[in-house]
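The values are calculated or read from the model by the stated rules, or taken from the named source; none is laboratory data. Worth saying up front: this structure is predicted, and the values here are computed from it rather than measured. When we count neighbours, we look across all protein chains shown, and the Cβ atoms used for this are built from the backbone with ideal geometry, even at glycine.
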Amino acid sequence: MSALTFSLKKPLQFSVNCAALTPSKLQGKSIQEIASIPMILGNQKLTVGDLFDISGEDPHHFCFKNTSDKLEYLGANMAGGSITIEGNAGAYLGFAMADGEIYCHGHTADFTACNMAGGLLKIDGNAGHFLGGASAGLRKGMRGGTVIVKGSTGDRTGDQMRRGLILIEGNVGDYCGSRMIAGTIGVLGNAGRYAGFNMQRGTLLFTQAPHLHATLQNCGRHTLPFLSLLFKSFQQYNTKFSQLNSQRVQRFVGDIACNGNGEILLAEPLNA
Amino acid sequence: MIINHIQIADTFAEAFNMRGTRVIITAQNHKWAYHAANAMTGFATSVIGCGVEAGIERELLADETPDGRPGVSVLMFAMGSKVLMQQLETRMGQCILTCPTAAAFGGIEPSEELEIDQISLGKHLRFFGDGYQTSKLIDGKRYWRIPVMDGEFLTEETTGMVRAIGGGNFLILATSQAQALHAAETAIESMKQVPDVIMPFPGGVVRSGSKVGSKYPKMFASTNDAFCPTLKGVVNSELSPDIESVMEIVIDGLSFEAIVLAMRVGIQAICDLGPDSGVKRISAGNYGGKLGPHHFKLHEIMGIKS
């Protein structure tokens, strides 16, 4: 059975909210019914069929083609199934996603995995700012699930993150793990300034020494037993993180400016 | 029934419902894993005086444990869930937390076939960290990292508790104490290969089998005089004149089938010693079948072909 495929008919001038196009929301609907779902583009009322060519029949596996960074909220509130995006995705990809799998072959915009609670989100390209963060007004960001980014991410990655796992093979911008409550963020590339700013708990796992601010305290080099469990859990994903194996790390704790007990672990870099 | 010139009595072992759990203990090497496990399973021979019955189930290689270090698996049984939970937490705190390099993990995985309750392993022990403890949720399991003087103590938050059976047993009747003990040791060596069971008494063998009640009102159990060789002339003895010593092997298991297998393997190992072993008869302890719901009939067990 081929994936239910949405091919964008032409480049978009305005952003489109695609939250309605998830496997769980379209369960049991015919292509005609899906095509008639209303959508808003700028000040126009359109339908899904006006924007996308729809083909395929697998209701559990969606595929988006000819995509654009104007397609926002793809996979929002997703509760199962899988979505493949053959191109770039707009802001709020995987917003409040609870289960299932999203695989984006291109880049994603800001607030990717915002409020995410479960499932797996893989991105081949780069992600924007506030990856795994909280939507406006909320005090907790990502609450579960796994995000894997092959490229780099912007500022405030994991801002107010509460639970879950973010693995970034490239670089991260400034304020990585800011206001982090718990969870784990791994970065193989370089981190910008103020990593762990106002961090309360959680783990930032780096392989390149970041420039740390004064309120993160060096606790020395240690062999941490839990890292063997963490590294073993990476084996299930197709990521360079699965090459990590040394439990020997430099441990920094903070941010003591907010009485935080979070940690930044500096592991040995991977061999090129 | 006679196997290799050794008589198998037409009787049964009477066993009871218990609650059981398994804990995986790992350490830097087997030496320290055993130090932790031996401490945890110490003074745990009988629920009558110890609260729990516990023992080492088997040694685990590094590739069999969650954290990739050498380890051992420990089984622990109690008459009720409350006692088991209390004893587990106490022994975790005093024996595993304190043992250098040791870590503890739950040993009973979720199953659709078994009714499993999750009980605290490190859930409350974490407060030893005085606020510096941190948790990690990895692949759906929560672990606690507690800072201690040798580094970090790592423990899973919970382990599974299942319905189990305690008190499977058989008696070895021999013509001398040395021969009875040698036969018991031989049986234990074979029974240690059986999964899901422990033999909780010292070396797996108990020499002081008991009966229910006593002439003394405050005693609810006393020596099993019918199997005491020095009382052959004064009590209604179960022993023939040539029997000079009796050893008992008690088995606790996570399932009826596991205890059956352990009993069969143990009895068969003794029978394989042959008539020169001095073993004359294999019997079993019961209370007339009125107290325990599980009956392990020796003839049925030994009639089952493996």
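Strands (runs of 3 or more DSSP E) fully within the stretch B:3-63 that include at least 1 residues being surrounded by fewer than 20 Cβ atoms within 10 Å (Cβ to Cβ) and touching a Cys at 6+ places or on another chain (Cβ under 9 Å): none found.
Checked against the criterion of being touching a strand residue (DSSP E or B) at 6+ places or on another chain (Cβ under 8 Å) and over 23 Å from B:Gly203 (Cβ atoms), the candidates B:Ile56, B:Ile116, B:Ile48 yield just one match: B:Ile116. Of the residues making up the stretch A:140-196, those that are over 13 Å from the mean Cα position of the chain (by Cα) and of a type in the set (S, T, N, Q) are A:Gln160, A:Asn171, A:Ser178, A:Asn190.
Filtering the stretch B:289-306 to residues that are loosely packed, with under 13 Cβ neighbours inside 10 Å, touching a residue at least 60 places away in the same chain (Cβ under 8 Å) and under 25 Å from B:Val52 (Cα atoms) leaves B:Gly289, B:Leu291, B:Pro293.
Which members of the stretch A:51-103 meet the condition of being part of a strand (DSSP E or B), under 10 Å from A:Pro23 (Cα atoms), of a type outside the set (Gly, Ala, Ser) and under 19 Å from the mean Cα position of the chain (by Cα)? If the condition is that a residue be part of a strand (DSSP E or B), under 10 Å from A:Pro23 (Cα atoms), of a type outside the set (Gly, Ala, Ser) and under 19 Å from the mean Cα position of the chain (by Cα), then A:Phe62, A:Ile83 are the ones that fit. Just one of (1) under 28 Å from the mean Cα position of the chain (by Cα); (2) more than 14 Å from every other protein chain (Cβ to nearest Cβ) fails for B:Lys215. It is (1). Looking across the stretch A:234-243 at every residue that is more than 17 Å from the chain's Cα centre (by Cα) and more than 11 Å from every other protein chain (Cβ to nearest Cβ), the one that is farthest from B:Asp139 (Cα to Cα) is identified as A:Gln243. Of the residues B:Glu157, B:Glu185, B:Glu152, B:Glu115, only one is free of Cβ contacts under 8 Å to residues at least 60 places away in the same chain and not assigned by TED's automatic domain parsing to the domain that holds B:Ala36; which? Checking each option against the conditions leaves just B:Glu185. Scanning the stretch A:133-169 for residues that are in contact with a strand residue (DSSP E or B) (Cβ under 6 Å, 6 or more places away or on another chain), within 14 Å of chain B (Cβ to nearest Cβ) and not in a strand (DSSP E or B) yields A:Met142, A:Arg162.
One line per residue, one yes/no per condition, for (1) within 14 Å of chain A (Cβ to nearest Cβ); (2) in contact (Cβ under 8 Å) with a residue 12 or more places away in the chain; (3) within 28 Å of B:Gly266 (Cα to Cα); (4) polar (S, T, N, Q):
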position: B:Trp32; (1), (2), (3), (4): yes, yes, no, no
position: B:Glu53; (1), (2), (3), (4): no, yes, yes, no
position: B:Leu75; (1), (2), (3), (4): no, yes, yes, no
position: B:Lys82; (1), (2), (3), (4): no, no, no, no
position: B:Arg91; (1), (2), (3), (4): no, yes, no, no
position: B:Pro100; (1), (2), (3), (4): yes, yes, no, no
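Put simply, of B:Gly274, B:Gly288 the only residue that is more than 20 Å from the chain's Cα centre (by Cα), within 19 Å of B:Ile3 (Cα to Cα), at pLDDT below 95 and not hydrophobic (A, V, I, L, M, F, W, C) is B:Gly274. Filtering the stretch A:104-114 to residues that are more than 10 Å from the chain's Cα centre (by Cα) and free of Cβ contacts under 8 Å to residues at least 40 places away in the same chain leaves A:Cys104, A:His105, A:Gly106. Of all residues in the stretch B:234-279, those satisfying the criterion of being among the acidic types (Asp, Glu) and in contact (Cβ under 8 Å) with a residue 60 or more places away in the chain are B:Asp242, B:Glu244, B:Glu248, B:Asp252, B:Asp272. On the stretch given as the stretch B:163-187, residues that are surrounded by 18 or more Cβ atoms within 10 Å (Cβ to Cβ) and either within 16 Å of B:Ala54 (Cα to Cα) or not β-branched (Val, Ile, Thr) (or both) total 16. Tallying residues that are of a type in the set (Val, Ile, Thr) and at positive phi within the stretch B:201-234 yields 0.
If you go through the stretch A:28-39 one residue at a time, do you hit one that is of a type outside the set (Gly, Ala, Ser), touching a residue at least 40 places away in the same chain (Cβ under 8 Å) and outside any strand (DSSP E or B)? No - not one qualifying residue is present in the stretch A:28-39.
On the stretch given as the stretch B:212-257, residues that are in a strand (DSSP E or B) and of a type in the set (A, V, I, L, M) total 7. Taking the criterion of being among the hydroxyl-bearing types (Ser, Thr, Tyr) and within 13 Å of chain A (Cβ to nearest Cβ), the only residue of the stretch B:144-164 that qualifies is B:Thr155.
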